[in-house]
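Here is the structure we will look at.
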């Protein structure tokens, strides 16, 4: 049985980035069913556009995608002060100790291998959301600091 996210605050927003449309559809629907706001992106470039428009609370990103891979996406996100605090979880079918180590080394905050049982997936996402949550308003404060520095 699935439950609503435990948070009593506004809906948490998750961005799923995967080049497999079936993965996007299935996991987006599962997350929406339990109350998450979900955005999806078929590639890293679409993900960046979605993040610029409205930063999510967490990103689930595949590692291997055409054009720009997940590792490059994470490097880019972690190099910018505004997107650095957003937790990014590797959501990938490439599950090996070496791949996991490489993903964490480039900046993924955690690792969620596929295939995953849909019921367990929801519990795992809730646990990750709780454990990896960023401080409320953190991005706004970092933007304010950036503006103060550039004005000086």
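Residue under question is residue 122, and the condition is that it be within 15 Å of the chain's Cα centre (by Cα), at pLDDT 90 or above and closer than 20 Å to residue 43 by Cβ; does it hold?
Details: within 15 Å of the chain's Cα centre (by Cα): yes; at pLDDT 90 or above: yes; closer than 20 Å to residue 43 by Cβ: no.
No, not satisfied.
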Looking only at the stretch 6-21, filter to residues that are farther than 21 Å from residue 111 by Cβ and out of contact with any strand residue (DSSP E or B) (no Cβ under 8 Å at 6 or more places or on another chain); which one of those is modelled with the lowest pLDDT?
9
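Being at pLDDT below 90 and either crowded, with 22+ Cβ neighbours inside 10 Å or more than 10 Å from the chain's Cα centre (by Cα) (or both) is true for just one of 111, 94. Which residue is that?
Of 111, 94, the one residue that is at pLDDT below 90 and either crowded, with 22+ Cβ neighbours inside 10 Å or more than 10 Å from the chain's Cα centre (by Cα) (or both) is 94.
Given the criterion in contact with a strand residue (DSSP E or B) (Cβ under 9 Å, 6 or more places away or on another chain) and assigned to a strand (DSSP E or B), identify the matching residue among 60, 31. Don't jump to the end; show me each part of the working.
On the way: 31 fails: assigned to a strand (DSSP E or B).
Being in contact with a strand residue (DSSP E or B) (Cβ under 9 Å, 6 or more places away or on another chain) and assigned to a strand (DSSP E or B) holds for just one of 60, 31, which is 60.
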How many of the residues in the stretch 22-43 are closer than 19 Å to residue 85 by Cα and modelled with pLDDT under 95?
0
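So if I check each of 52, 48, which one is free of Cβ contacts under 8 Å to residues at least 12 places away in the same chain, assigned to a helix (DSSP H, G or I), more than 20 Å from residue 131 (Cβ to Cβ) and under 14 Å from the mean Cα position of the chain (by Cα)?
Working: 48 fails: free of Cβ contacts under 8 Å to residues at least 12 places away in the same chain.
Just a single option satisfies the conditions, and that option is 52.
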When both residues are 6+ apart or on different chains and their Cβ atoms are under 6 Å apart, which pairs have a first residue that lies in the stretch 109-123 and is touching a residue at least 24 places away in the same chain (Cβ under 8 Å), and a second that is outside any helix (DSSP H, G or I)?
112/89; 112/91; 114/93; 122/2; 122/34
Considering only residues that are over 20 Å from residue 104 (Cβ atoms) and surrounded by fewer than 14 Cβ atoms within 10 Å (Cβ to Cβ), which ones fall in the stretch 48-73?
49, 52, 53, 54, 66, 67
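The values are calculated or read from the model by the stated rules, or taken from the named source; none is laboratory data. As the structure is a computational prediction, the values presented were derived from the model and not from experiment. Counting neighbours? That spans all protein chains shown, and the Cβs are built from the backbone with ideal geometry, glycine included.
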